[in-house]
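Asker: Handing you a structure now.
The values are calculated or read from the model by the stated rules, or taken from the named source; none is laboratory data. Here the structure is a predicted model, which is why all the values come from computation and not from measurement. Cβ placement follows ideal geometry from the backbone for every residue including glycine, while neighbour counts extend to all protein chains displayed. Just so you know, the surface numbers come from the protein's heavy atoms only, side chains and all, with ligands and any DNA or RNA stripped out. Shrake-Rupley method; radii C 1.70, N 1.55, O 1.52, S 1.80 Å.
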Amino acid sequence: MRIHALFQYVIAIFYSVALSTTSTAAEQPASADASKSPHIAIILPLQSKALGEPSEAIKAGIAAAASKPSVGDLPYMVYPIADETTDLQQTYQEAIDAGATVVVGPLTLAGVKSMAAKAPLPVPTLALNTLPEGPAVQGLYSLNLSAAAEGKLVADKAVQAGYQQAATITIESPLAQRIQQAFASEWQARGGTLSMLVNVPAAKPDYTVLRTQMAQCNCDVIFIAADANRTKLIKPFLPAGIPVYSTSQGFSGKVKSASNLELEGMRLFDMPWLLQPDHPAVMVYPRSAKPLVVEDERLYALGIDALRIAELLAKTTSGPIELDGVTGHLTLGKDGNFIRELQAADVRGGEVIRVLP
């Protein structure tokens, strides 16, 4: 569950990857003379002990995007910082003074709040975390892998499928609780009924108790808010015949695996980068030279789409902005957040199979 936990505090670990950047959007040192010309500034806490490795994952994805033909002709330049609470504002101004016409970053919630406080911003700024609640901030946009947004999306998909009474199963963790709350809020806002809310203890859970509880469930759909390993333990104890839904948290990233047999019949939602290898955008961009754990794959994909969105923002910030991305189909919302439409998939015979539209 660490990938989404990052967007509240700290994210996953990245295994360093070297990628060539052959397009015009090539990485250059921020101190180079070329930095005096228009460019896309990438401001990431690459020097942070806590966030350095996740930032490298995103940076590698940006390099992968830059290695292929793009919609823009701007180079990108990386501005590494150590702490977004102390270094961000000065580095941001340095990037603007050096000619940045679009900025990608910050990464942390604290960094996003810091930028929001400086509105209106002088150039389009694409944060990689959620915007603070409230009205849209002029010049500030957000592309992120929000767990809460996924919970809302799954609730919406279950309503569209015709279900009316949901039970939720949530492990005892702050992230799982946020996902459950987002699902429940959207479900009820769409007219659904919550028939049962079950919390599974983090320590020494008794799944036989869960079986007894769920046998009494007056529901037509079950939503699991748990990490992939715990979801595989929970699913076999649920009543047969009742559909089970999950966010990307329930997916280990392995499309074919014997361990997926524990998830038989479950529907989950995740990004095309992991579920749809034949997606036009997914096929274009290179994979990491080294195998990545699933959390790092998601960060790598985020970097790809971040550069692509930045190129679009360099061309226009008015009117609708839409991108068929590797992290999902992206549409700019009125609040400045890019909404991610995820790919649905069902688990059948140990294989995670994409659901066709």
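Asker: Give all pairs with beta carbons closer than 6 Å in which a residue from the stretch 140-166 that is closer than 13 Å to Arg190 by Cβ meets a residue that is open to solvent by 20 Å² or more (accessible area, probe 1.4 Å) and of a type in the set (S, T, N, Q); count only pairs at least 6 apart in sequence or on separate chains.
Answerer: Gln165/Thr193; Gln165/Ser195
Asker: Find the residue count for the stretch 203-236, including only residues that are open to solvent by less than 50 Å² (accessible area, probe 1.4 Å), hydrophobic (A, V, I, L, M, F, W, C) and in a helix (DSSP H, G or I).
Answerer: 4
Asker: Turning to a different aspect of this structure: I'd like to know if the stretch 57-75 contains one or more residues that are assigned to a helix (DSSP H, G or I), at pLDDT 50 or above and over 14 Å from Leu307 (Cβ atoms).
Answerer: no
Asker: Could you list, ordered by first residue, the pairs with Cβ atoms under 6 Å in which the first is in the stretch 226-246 and closer than 24 Å to Pro174 by Cβ and the second is assigned to a loop (DSSP other than H, G, I, E, B) and open to solvent by 40 Å² or more (accessible area, probe 1.4 Å), at least 6 apart or interchain?
Answerer: Matching pairs, first to second residue: Asp227/Met1.
Asker: If you don't mind, another one. When only residues in the stretch 54-89 that are free of Cβ contacts under 8 Å to residues at least 60 places away in the same chain and surrounded by fewer than 18 Cβ atoms within 10 Å (Cβ to Cβ) count, which is nearest to Tyr300 (Cα to Cα)?
Answerer: Among residues in the stretch 54-89 that are free of Cβ contacts under 8 Å to residues at least 60 places away in the same chain and surrounded by fewer than 18 Cβ atoms within 10 Å (Cβ to Cβ), the one nearest to Tyr300 (Cα to Cα) is Pro69.
Asker: Also, quick follow-up: Do we find that Ala82 is in a loop (DSSP other than H, G, I, E, B), at pLDDT 95 or above and either of a type in the set (A, V, I, L, M) or out of contact with any helix residue (DSSP H, G or I) (no Cβ under 6 Å at 6 or more places or on another chain) (or both) in this structure?
Answerer: It is true that Ala82 is in a loop (DSSP other than H, G, I, E, B), at pLDDT 95 or above and either of a type in the set (A, V, I, L, M) or out of contact with any helix residue (DSSP H, G or I) (no Cβ under 6 Å at 6 or more places or on another chain) (or both).
Asker: Here is a further query. Condition first: touching a residue at least 60 places away in the same chain (Cβ under 8 Å), under 24 Å from Ala50 (Cα atoms) and of a type in the set (Gly, Ala, Ser). Now tell me which residues in the stretch 90-110 satisfy that.
Answerer: Residues satisfying the conditions are Ala95, Gly105.
Asker: Residues being in contact (Cβ under 8 Å) with a residue 60 or more places away in the chain and under 16 Å from Leu88 (Cβ atoms): count how many of those fall in the stretch 37-53.
Answerer: 5
Asker: Identify the residue in the stretch 85-101 that is of a type outside the set (S, T, N, Q) and part of a loop (DSSP other than H, G, I, E, B) and, among all such residues, is farthest from Ala41 (Cα to Cα).
Answerer: Checked the stretch 85-101; the qualifying residue farthest from Ala41 (Cα to Cα) is Asp87.
Asker: Inside the stretch 118-135, can you point out the residues that are out of contact with any Asp or Glu (no Cβ under 8 Å at 6 or more places or on another chain) and of a type in the set (A, V, I, L, M, F, W, C)?
Answerer: Within the stretch 118-135, Ala119, Leu121, Val123, Leu126, Ala127, Leu128 meet the criteria.
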